[in-house]
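Report on one structure; see the data block that follows.
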Amino acid sequence: MTEIADQPAQPEPAPAARRRPRRAAAPAPAARPADPAAAPGEGEPAGQDWSSWPTYNAATLGFRNYWYPVEWARRVGRKPMPITLLGEQIVLVREGDKVRALHDRCPHRGVPLSLGRREFDGTISCPYHGWTFDTESGKLCAVITDGPESPICGKVSVRTYPIEERLGLVWVYVGDGAPPPVERDIPSELLENPFVMGGRTDIRDGNWRFAAENGFDEGHAKYLHNTALWRLFKVMPAWNKTRVVESEKDGWLIRVQDEVHWEADFPGLGTWTNKRWWKRMPLPDAPGKAADINPVIKEMDLPGFVSIRLPGLLRVAYPHFIHYEWYVPVDADHVRYVQIMVRFEQGLKASVFKAKYVSFIRWLFHGQFTGQDAWMVDVMDAPPEKLYRPDLSVTAWRRLIERSGLKVQREKTGLER
Amino acid sequence: MTEIADQPAQPEPAPAARRRPRRAAAPAPAARPADPAAAPGEGEPAGQDWSSWPTYNAATLGFRNYWYPVEWARRVGRKPMPITLLGEQIVLVREGDKVRALHDRCPHRGVPLSLGRREFDGTISCPYHGWTFDTESGKLCAVITDGPESPICGKVSVRTYPIEERLGLVWVYVGDGAPPPVERDIPSELLENPFVMGGRTDIRDGNWRFAAENGFDEGHAKYLHNTALWRLFKVMPAWNKTRVVESEKDGWLIRVQDEVHWEADFPGLGTWTNKRWWKRMPLPDAPGKAADINPVIKEMDLPGFVSIRLPGLLRVAYPHFIHYEWYVPVDADHVRYVQIMVRFEQGLKASVFKAKYVSFIRWLFHGQFTGQDAWMVDVMDAPPEKLYRPDLSVTAWRRLIERSGLKVQREKTGLER
Amino acid sequence: MTEIADQPAQPEPAPAARRRPRRAAAPAPAARPADPAAAPGEGEPAGQDWSSWPTYNAATLGFRNYWYPVEWARRVGRKPMPITLLGEQIVLVREGDKVRALHDRCPHRGVPLSLGRREFDGTISCPYHGWTFDTESGKLCAVITDGPESPICGKVSVRTYPIEERLGLVWVYVGDGAPPPVERDIPSELLENPFVMGGRTDIRDGNWRFAAENGFDEGHAKYLHNTALWRLFKVMPAWNKTRVVESEKDGWLIRVQDEVHWEADFPGLGTWTNKRWWKRMPLPDAPGKAADINPVIKEMDLPGFVSIRLPGLLRVAYPHFIHYEWYVPVDADHVRYVQIMVRFEQGLKASVFKAKYVSFIRWLFHGQFTGQDAWMVDVMDAPPEKLYRPDLSVTAWRRLIERSGLKVQREKTGLER
């Protein structure tokens, strides 16, 4: 047989089919229960579905009753800015030094208020019929097309959302009743110390739960990221032994490294290591070293350098700076990564850090490195899943969620909107 | 705290989520009934859902037993042209001076006949196997690939649709039984008088009901359109008081302006007016003035200048010309705007109007002005809704629909196709 | 009335609506039963739905327990290649002279293995956590991020698929239990004779059943393809009389032409013929002629020149060469056309054929001609359907399927994945 060369390769027509199916609602869990307290670290994988984690399983849209950072405060001006948060459509507008947030839907006929005009101070007017809402109270305070005595004024209002500005970010509270102080949801070291910071916000495909799990996940960092430019000159370990402990302060879960292995010999396969002649061993990312260098970290007295807390905030305490990353639910299929890099310095040293952040840290660390995580979050498709020993960080996080009495955000439908 | 400038703003990933969700079927109404006779003009908003308007609520695809204008007659030639009307797939072909319309699906294996060939006069042949249908009767009159004695000939046919040409437009009747004369569905003044006209047809996103409501809606015109270029040099009112009356002739609902207010003072907010130094007060759009100028309008003896009739035709009688706009259901999520501008003149005056229409009226009025309406129709998302005083025009229209014994177009599924 | 020219035509907004609706699952058949043995050739159309063909109706994703050709062997290298086959996600990798196929999903968190790395010979590693699978057995043989003593090793595996290489193609077996020899699913004349071949593979929109039916369908070829460039200089018949017979050898259904009519006179319409002054009558595509020219075809002793066999392989025996075409189910809405053109020759004659194939046969026959079929497969929308006399080839094929005790591929959902 002789064969003739054929035409160039056809692309597979459905690359989307390789990606995680989008979920409008939480996947229905199978019936098999499992003991949520069982750690998979003991060599026994947990159940394949999420029936062991009912709160987690239902939390496609995140948790209510928290403050979430959504946008840089300086970007919010008089012009209405639409955002989506926990599946809710919200419009942000600035009134002088205050930012206001309203449900982004005119109750009259459902036109987004973010398309509207700013006719009077402290109000926003629907572009369709000029229904004019007080941005602070959400009350319908004038209907331009119905004259000063419009009988519907005062009888209709749109939902408002508590807003605060901290760290240069706008924080929105999605919850019921009076909100707690925003400080409850901000790491205390950021409230008590002077610092310099840089950061970026990005919306990417994928559910927030995968993003948060990925952030705290011990297993992937060494392998997925050993191709990251950020680690080009630093050896990554092969494997570690890890514990998770809970901090007394601020409700952090902290990953503690008990062993670090720089190479591994797999019988019958070969030796795996990330050591290369051009890579040097990294500074230990251990809190001891960081504490030597950084008095704030010393004061924090952390047993490990990676921690996570509710509703989805990661903290990585490098010796010279701390990286914070919020995984903010947008909707079932999108997550907002809010990343900041903080250094507890002022003056000239702060200026040097600013220059470094802008010239390469933002691009290498908050860009390409986090981009690898966002890629996995996008293509992941679980459950079903089979957990392994390093997933004890994932299961510790899920257990924290299950026992914290959280209020799951439900999808709004029909008249509830 | 010092903060470093971040990267450029990320676009929100899901702008579609801000738009009205597409509906394949009518939204399920909630259970709460309301009195359909209650006018919201009395300061009491009607129910938030459409359960008070069951016919209207079901009419996602429009009403059967009407003639609908769909396309300029001169555009329909021998080459088959596919259109969608009330959710039905239809193919138009011209046979000499007649246009024919058939269901656009070969009953053999479901291939669209609009992809077919014209083998013999008065027929259309499916491109797949040459099933050949008489375009007048819809009967299978030959099967090219089965020879002259094909036993299936005469046993199969496709649905045909009555067709007429009037005003340069092709009119299709979607209904059951013998159709009424097309003249029933054309304003009588267009049948009885000589005139000149210009026009355009456009298919835009959105359901036809929102488009029709928007057309007759008194409330939005003054506010939404005060930024229209068409009104750049004319003041728009702030608010009006309006009634709706029913015409004896041709079944029109007519909006009557009882009060026009050019400015409004909203306590605590300020004064709102569209008056600007460069804008002059418009000619009154009142029928009295139009009647003075235009003998046809005088004869029509309208109490107001904006009217609507079934199944969805708006008429705006300006002093010098009349604008007609049909809201023709394409499918649940698209509406065809068929707009014509008519002037009751002939000869040189008609030529001057033609030149004006082509050079700016088409662009400013039938383009940008109507485009603002189509924008609202697209982003609107109701029910739920809360109606206000000026919505008496909307509720009058809905009441007309509820009491007119209309035949709702249902979605075709499965073998019914 | 004078009418003013309007703006350019608007495109219909929803061309997709003209196309066959995509099906995730088989359409629900209506209840009316029919006798599956009744041939429509007798002038009596079969039932309009597919309830007479329950196996066929359910086989949206094709049949298990067959070998399917999917890709040119030379295109599969060390770099993982994702494919979809019968709705299953599969990754192909080459290990030296062997191609391996695994389910393209890491059981850990659902990341596609086709995104992975090749760390050790004979393995593929998930890019996320370095779960490393033996490509032959599918067993988890190392977890890089969990060290040499990872307790999960050997406890998890991914499904593998039997693979063979024949005719320069990679063949994948989707089925249960030990596979039969791949030779069972390859025409015997290709195993027993020396030949030269050319070919191409393409994925196109549409369900595989329409593609297979279209291939064996007698009716369309003469009409649809009379505009094909491949037939530019050859007259196509108007209509034929056809039978279908079953071959003792290899399970082929064979179409036998009893009559060929080059023109047809349709009363009241006119005469139809494909004869043109520039077209000559073709060589008879009859097996007699082919057998004279081609000793292999002579030995095959076929009563007709077009045949089909399970699971979806068409053979067209032209005098000088044989065209084979596999209709390989990708998913419910995509089909892979694997086409080869075979000539039973060697040496110089084979080189001449190669040159002809590359310069025009590939483009005209495997490209534009088959492209017309793929167009119909894409726009077809059945059931409902009405069959006619020439559809006896289609119904013979369906009857073969119904009585062959085939195993329908079901959609995988949830934990079954």
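The values are calculated or read from the model by the stated rules, or taken from the named source; none is laboratory data. Just so it is clear, the model here is predicted, and its values are computed rather than measured. Because the Cβ atoms are built from the backbone with ideal geometry, glycine has one as well, and the counts that use them run over all protein chains shown. These area figures cover heavy atoms from the full protein model, side chains too; ligands, DNA and RNA do not enter into them. Shrake-Rupley method; radii C 1.70, N 1.55, O 1.52, S 1.80 Å.
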Check: What accessible area per residue comes out for the stretch A:194-403, rounded to a whole number of Å², with a 1.4 Å probe?
Finding: 36
Item checked: Percent carbon-and-sulfur accessible area, the stretch A:76-174, ignoring ligands, DNA and RNA, probe 1.4 Å -> 46
Next item on the list: Sort shortest first the distances from A:PRO54 to its counterpart in every other copy, using label points 7 Å along the Cα-to-beta-carbon line, and give them in nm.
Entry: 4.0, 4.0
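Mind checking the dipole of the protein assembly as shown: about its Cα centre, +1 per Lys or Arg Cβ, -1 per Asp or Glu Cβ, Debye to the nearest 20?
2200
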Notebook entry, point to check: So what are the radius of gyration and Dmax for the Cα set of the stretch C:165-233, in Å?
Noted result: 16.5, 51
Note to self: Let me confirm one metric for peptide B:99-109, namely the mean number of other chain beta-carbon atoms within 10 Å of its residues' beta-carbons.
What the structure shows: 4
Item checked: Amide H within-cut-off set for B:VAL156, under 5 Å, with H built and near neighbours excluded -> B:LEU140
Note to self: In Å², and per residue, what accessible area does the stretch B:78-164 have when probed at 1.4 Å with the other protein chains present?
What the structure shows: 31
Note to self: What are the equivalent ellipsoid semi-axes of the stretch A:194-403, built from the alpha-carbon gyration tensor (square roots of five times its eigenvalues), in whole angstrom, biggest first?
What the structure shows: 25, 22, 19
Margin query: What is the percent carbon and sulfur in the accessible area of the stretch B:186-403, measuring with a 1.4 Å probe over the protein chains and ignoring ligands?
Written below: 55
Check: Which whole number gives the average, over all residues in C:149-158, of C-beta atoms from other chains lying within 10 Å of the residue C-beta?
Finding: 4
Margin query: Using amide H atoms built in the peptide plane, which far-off residues or other-chain residues are under 5 Å from A:GLY175 H to H?
Written below: A:ASN65
Item checked: Threshold 30 Å², the stretch C:374-416 residues less accessible with all protein chains present than alone (1.4 Å probe) -> C:TRP375, C:MET376, C:VAL379, C:MET380, C:ASP381, C:PRO384, C:LYS386, C:TYR388, C:ARG389, C:LEU415
Note to self: I need the per residue convex hull volume for the stretch C:77-165, using only the alpha carbons, in cubic angstrom as a whole number.
What the structure shows: 86
Checklist line | Inter-copy spacing of C:PRO180 label points, which lie 7 Å from Cα along Cα→Cβ, given in nm from shortest upward | finding: 6.8, 6.8
Checklist line | Binned Cα-Cα distances of chain A, short to long, each 20 Å bin given as a whole percent | finding: 23, 51, 22, 4, 0
Next item on the list: For chain C, set up a Gaussian network in which alpha carbons nearer than 10 Å are linked by springs, and say which option among C:HIS334, C:HIS108, C:HIS220 fluctuates the most.
Entry: C:HIS108
Checklist line | GNM result for chain B, Cα springs below 10 Å: residue of B:ASP121, B:ASP250, B:ASP381 fluctuating most strongly | finding: B:ASP121
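Quick one: if the Förster radius is 22 Å, what FRET efficiency do B:THR273 and B:TRP363 give, using the C-beta to C-beta distance and rounding to 0.05?
My answer for the efficiency is 0.20.
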Notebook entry, point to check: Sequence-distant or interchain residues sharing an amide H contact under 5 Å with A:LEU387, placed H: which?
Noted result: A:ALA46
Margin query: Could you compute how much accessible area chains C and B hide from each other, both sides summed, with a 1.4 Å probe? Nearest 100 Å² is fine.
Written below: 5200
Next item on the list: Only Lys, Arg, Asp and Glu count, each charged at its Cβ (+1, +1, -1, -1), so figure out the dipole size of chain A about its Cα centre, rounded to 20 debye.
Entry: 800
Margin query: Give the lysines whose C-alpha is closer than 19 Å to that of B:LYS279, dropping any in the same chain fewer than 8 places away, or say none.
Written below: B:LYS222, B:LYS234
Note to self: Run the label-point distances for A:ALA355 please: 7 Å along Cα to Cβ, every other copy, nanometres, shortest first.
What the structure shows: 6.9, 6.9
Checklist line | Delta accessible area of at least 40 Å² on complex formation, residues of the stretch A:237-256, 1.4 Å probe, chain isolated as reference | finding: A:TRP239
Note to self: Report the per residue volume, in Å³, of the convex hull enclosing the C-alpha atoms of the stretch A:288-400.
What the structure shows: 136
Next item on the list: Report ³J(HN,Hα) in whole Hz for each residue of the stretch B:72-82, in order, from the Karplus equation J = 6.51 cos²θ - 1.76 cosθ + 1.60 where θ = phi - 60°; Gly and Pro get x.
Entry: 5, 4, 5, 7, 8, x, 5, 5, x, 10, x
Note to self: Could you tell me the center-to-center distance, by alpha carbons, between the stretch A:58-79 and the stretch B:317-369 in angstrom?
What the structure shows: 46
Check: Hey, in the GNM for chain C with a 10 angstrom Cα cutoff, which one of C:LEU348, C:LEU224, C:LEU400 fluctuates hardest?
Finding: C:LEU348
Margin query: Let me make sure I get this right: for the protein assembly as shown, a, b and c are the square roots of the gyration tensor eigenvalues over alpha carbons, sorted descending. Under 1.5 in a/c it's rounded, otherwise prolate if a/b > b/c, else oblate. Which is it?
Written below: oblate
Checklist line | Among B:ALA374, C:MET380, B:ASN214 the positive-end extreme of the charge dipole of the protein assembly as shown (Cβ point charges) | finding: B:ALA374
Notebook entry, point to check: Which ³J(HN,Hα) values, rounded to whole Hz and listed in residue order, are derived for the stretch B:161-176 from phi using the Karplus coefficients 6.51, -1.76 and 1.60 in 6.51 cos²θ - 1.76 cosθ + 1.60 with θ = phi - 60°, glycine and proline given as x?
Noted result: 10, x, 10, 9, 10, 8, 6, x, 10, 8, 10, 10, 9, 10, x, 10
Next item on the list: Apply the Karplus parameterisation 6.51 cos²θ - 1.76 cosθ + 1.60, with θ equal to phi minus 60°, to every residue of the stretch B:106-117 and state each ³J(HN,Hα) to the nearest whole Hz, in sequence, with x for glycine and proline.
Entry: 5, x, 5, 10, x, 7, x, 5, 5, 8, x, 10
Next item on the list: Only counting protein heavy atoms at a 1.4 Å probe, give the residues of the stretch C:261-277, ordered by number, whose accessible area falls by 30 Å² or more when the other protein chains are present relative to the chain alone.
Entry: C:PHE266, C:LEU269, C:TRP272
